[in-house]
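Single-structure report; data block below.
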Amino acid sequence: MKITEELVDYISILSRLKLEPEERAAMAGELEKIVSYMDTLAQVDTQGVEPMSHVLSAVNVTRPDTVEPSFDREALLRGAPARDSETFLVPKAVE
Amino acid sequence: MTWETVIGLETHVELATATKIFCSCTTQFGGAPNTHCCPVCTGMPGALPVLNEKVLEYAVKASLALGCTVTQNCRFDRKNYFYPDLPKAYQISQLYLPIGRDGKVSFPLPDGGRKTIGIHELHMEEDAGKLVHDPWQDQTQCDYNRCGVPLIEIVTEPDFRSGEEVVAYLEKLRETLQYLGVSDCKMQEGSLRCDVNLSVRPAGSDELGTRTEMKNLNSFKAITRAVQYEAQRQIERIQEGKRVVQETRRWDENKDATYPMRSKENAQDYRYFPEPDLPPIQIGDDDLARLRAQMPEMAEAKRERYQAQYGLSAYDAGMMTSEKALADYFEECVALGAEPKTACNWIMTQVLRKLKELGQEPGRMAFTPDRLCRLLALVEEGSLNRNTAVAVLDAVFEDNGDVDEYVRAHGLSQVRDTGLIEAVVAQVLADNPQSVADLRGGKEKAFGFLVGQCMKALKGQGEPKLVNETLRRKLEEL
């Protein structure tokens, strides 16, 4: 599959990424390599192989509906690029 | 030209679990920002979700109640979108194998008719966090307390033709989910949220017009009005020779109008793929049978039964089943031996009055059915007159006080001592010869006066029937 710069633009909009022109070209090349690997995979004969949605054979991994203490807020916020005393901060995202 | 409005609904319902869908944080409403959070629900790298078993159970029960076929081999999918209300940059949802499919719901309409609509699918997913914009800093604050709260989304077929039908369906849906105990469905608290897809077409046409999706509809009133407004807007556009644009519109309750949401919020390319962090789900036939057996009697069935079995009127049966907690209360009273119509009457007048006064909901009521039954028994046997019983209920309701103890402590028992009543009646007759003469002369009103005098002498506690009988008898003996 050919990754055009237009497609890179589209994906960057969906991903909220702002790419410089030289990054676009580089990204197109890298993405094409990744996608062409899928083409390699697609060559495998999968006739008669049941599609699976998970690599493990486990099913029904659940937990009981019992409340456990939540995390220390300070510990959660510590790694955030921007924060105030109670919340994570991001650039304006609400109308 | 006559136009037909075609509506389909997507309803999000918060499930009434104690914990979130993929982690053990509480789902309790409120709390200081980001205090009901952990690495899973804040999307920390490496954190792994584990499905809450209750979510699965509730989703299956809801599917069954809405007549859906349960997908016994199902799984979750990843819905990718970059918006800070979901810190993982994706929502775990279900696209390819939703838990419920092809359901049917039948409900009564306000005009007395019935309507049946199709359920396209029901799926499980996680709720998003809350964003608060700070206009001074031009920044957005993210609070993830609601992030990861379990939801089911119920998608109908485009089977509705009016806002009234939509509201009638939502009422039925709310009632059904409340009776199942899977959600409290409080629209004002956002535990039931509805998006309306609407298009118009010439009446009689089989083709669907271009639809718009309306969000932010948080009351039945808003839905009715938004449907009217949006249908009219689309019809006018078409009549002006313009076309309807497929877009998401926001209902503005203050302005009574819908507005397009910004186009970048409209970019819908979610690049779904199977969720690799969660293994698939298999629901065995035995599990399904077990859950099916747990389905409670629904409100409509109860309404019919109350009328047939207990002789309640349609209105009374409707009141008794308006909330499951109230229906449970009523049924417990009947099981404890209360006469159904009497119990219903007391619940409708006194119990609901007290609940309203205290701002309480039936589910959180302290006053237990056995207390009410005791009170009714005291009235029935003549130990308390009705007004006194109401006063007793008033006094003990909030703290579920003991009825007998209260009656004893306040000397409220009705006087049924025949000796005492006879003595009082004799005295009243002796003191009021004029009234006795009036009565003999045909003035029935005088009898009421004499009863009143007896009751006054008995401090209002004489049993009315006994006082009446004694008075009649003594008058004849005179």
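The values are calculated or read from the model by the stated rules, or taken from the named source; none is laboratory data. As the structure is a prediction and not an experimental result, all values here were calculated from the model. For neighbour counting, all protein chains shown are included, and Cβ atoms are generated from backbone atoms with ideal geometry for every residue, glycine included.
Summed over the stretch B:20-61, the residues that are under 22 Å from the mean Cα position of the chain (by Cα) and closer than 16 Å to B:Ala128 by Cα give a count of 4. The set of residues from the stretch B:14-69 being acidic (Asp, Glu) and without any contact (Cβ under 8 Å) to a residue 40 or more places away in the chain comprises just one member, B:Glu53.
Can you name every residue in the stretch B:24-38 that is under 10 Å from A:Val67 (Cβ atoms) and in a loop (DSSP other than H, G, I, E, B)? Those that are under 10 Å from A:Val67 (Cβ atoms) and in a loop (DSSP other than H, G, I, E, B): B:Ser24, B:Cys25, B:Thr27, B:Gln28, B:His36. Here is the figure for the stretch A:47-78: residues that are surrounded by 10 or more Cβ atoms within 10 Å (Cβ to Cβ) and part of a loop (DSSP other than H, G, I, E, B) total 16. Taking (1) away from chain A (no Cβ under 13 Å); (2) in a strand (DSSP E or B) in turn, B:Arg78 satisfies each apart from (1).
Number of residues in the stretch B:197-215 that are surrounded by fewer than 19 Cβ atoms within 10 Å (Cβ to Cβ) and more than 24 Å from B:Ala59 (Cβ to Cβ): the value is 9.
Condition (residue is more than 21 Å from A:Phe88 (Cα to Cα), touching a helix residue (DSSP H, G or I) at 6+ places or on another chain (Cβ under 8 Å) and within 12 Å of chain A (Cβ to nearest Cβ)) applied to the stretch B:43-62: is it met by at least one residue? Yes, the stretch B:43-62 contains at least one residue that is more than 21 Å from A:Phe88 (Cα to Cα), touching a helix residue (DSSP H, G or I) at 6+ places or on another chain (Cβ under 8 Å) and within 12 Å of chain A (Cβ to nearest Cβ). Report whether or not B:Ala226 is among the small types (Gly, Ala, Ser), surrounded by 18 or more Cβ atoms within 10 Å (Cβ to Cβ) and modelled with pLDDT under 95. Answer is yes for this residue. Being not in a helix (DSSP H, G or I) and not aliphatic (A, V, I, L, M) holds for only one residue in A:Lys33, A:Lys2, and it is A:Lys2. Criterion first (at the interface with another protein chain (Cβ under 8 Å from one of its Cβ atoms), over 26 Å from A:Ser85 (Cβ atoms) and over 24 Å from the mean Cα position of the chain (by Cα)) does B:Glu4 satisfy it? So B:Glu4 does not fit the description; no.
Scanning the stretch A:54-76 for residues that are more than 7 Å from every other protein chain (Cβ to nearest Cβ) and among the aliphatic types (A, V, I, L, M) yields a count of 2. Tallying residues that are surrounded by 20 or more Cβ atoms within 10 Å (Cβ to Cβ) and part of a strand (DSSP E or B) within the stretch B:176-196 yields 3.
When residues in the stretch B:91-105 are screened for being within 12 Å of chain A (Cβ to nearest Cβ) and surrounded by 20 or more Cβ atoms within 10 Å (Cβ to Cβ), 1 of them pass.
What helices (runs of 4 or more DSSP H) completely inside the stretch B:329-448 contain at least 2 residues that are under 37 Å from the mean Cα position of the chain (by Cα), more than 30 Å from B:Glu477 (Cα to Cα) and of a type in the set (Asp, Glu)? Once the helices (runs of 4 or more DSSP H) in the stretch B:329-448 are filtered for at least 2 residues that are under 37 Å from the mean Cα position of the chain (by Cα), more than 30 Å from B:Glu477 (Cα to Cα) and of a type in the set (Asp, Glu), what remains is B:403-409.
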